[in-house]
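The values are calculated or read from the model by the stated rules, or taken from the named source; none is laboratory data. Owing to the predicted nature of the structure, the values given are computational and were not obtained by experimental measurement. Positions of Cβ are backbone-derived with ideal geometry, glycine not excepted, and every protein chain shown enters the neighbour counts. With ligands, DNA and RNA removed, areas are computed over all heavy atoms of the protein, side chains included. Shrake-Rupley method; radii C 1.70, N 1.55, O 1.52, S 1.80 Å.
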Amino acid sequence: VGAVAGAVVSPPSVAEAAGGSCPALYVLGVQGTDQSSSSASTTTDSGMLGAVMSPLLSMAASTVQRAYVPYPASFGGATASKSDASFQQSSQVAVDRTVAMTKQVAAKCPDTKFAYTGYSQGAYAISTFLQKVGQGQGPIPAERVAAGALLGDPTRPEGAGPFPGTSETRPSP
């Protein structure tokens, strides 16, 4: 649970999104700046990530489920949402909610793997989240993470190739 401008922001429930059965893969997506809000739907495909997730769901049938992480998606009132949350505050809400939503799904579905994706400010939040998971400080062990995709990531090192830290031009199997 994060705090933004003095208000407590509680995590949304993903129980409805997970439905009655557990998928093989559960994808959590964090939209970019001004593409979400604290009260945004967890299941409505919109924004940059909607263009990615909607086709994925239609191809994967019941083996994949997804939810979007609602958060202020702002940087100090300079967005249509008019949230006063700074970039850092907004991103931290996204990280905190990603942790909470992951815990909910992981508790309900102990064999489900996770994938995380973020765009722009959402990529920053997912990068932060995945770093914590990789350091053993996340809500699930790193072995439960099947994939991470950061689009328009502000943490990406200048001049980095498609897969930073490797010389690969496409992902290994």
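Of everything listed in (1) farther than 22 Å from L56 by Cα; (2) outside any helix (DSSP H, G or I), the single unmet condition for Q131 is (2).
Restricting the stretch 20-39 to residues that are β-branched (V, I, T) and within 13 Å of M53 (Cβ to Cβ), which is surrounded by the fewest Cβ atoms within 10 Å (Cβ to Cβ)? Among residues in the stretch 20-39 that are β-branched (V, I, T) and within 13 Å of M53 (Cβ to Cβ), the one surrounded by the fewest Cβ atoms within 10 Å (Cβ to Cβ) is V27.
Exactly one residue out of A146, A107, A125, A115 is assigned to a helix (DSSP H, G or I) and either crowded, with 17+ Cβ neighbours inside 10 Å or in contact (Cβ under 8 Å) with a residue 40 or more places away in the chain (or both), and it is A125. Remark: pairs (first residue in the stretch 129-143, farther than 17 Å from R97 by Cα; second residue open to solvent by less than 50 Å² (accessible area, probe 1.4 Å); Cβ separation under 7 Å; 6+ apart in sequence or on different chains) = G134/A142; A142/V133.
Exactly one residue out of S83, S90 is within 18 Å of S46 (Cβ to Cβ), touching a residue at least 60 places away in the same chain (Cβ under 8 Å), assigned to a helix (DSSP H, G or I) and touching a Pro at 6+ places or on another chain (Cβ under 6 Å), and it is S90.
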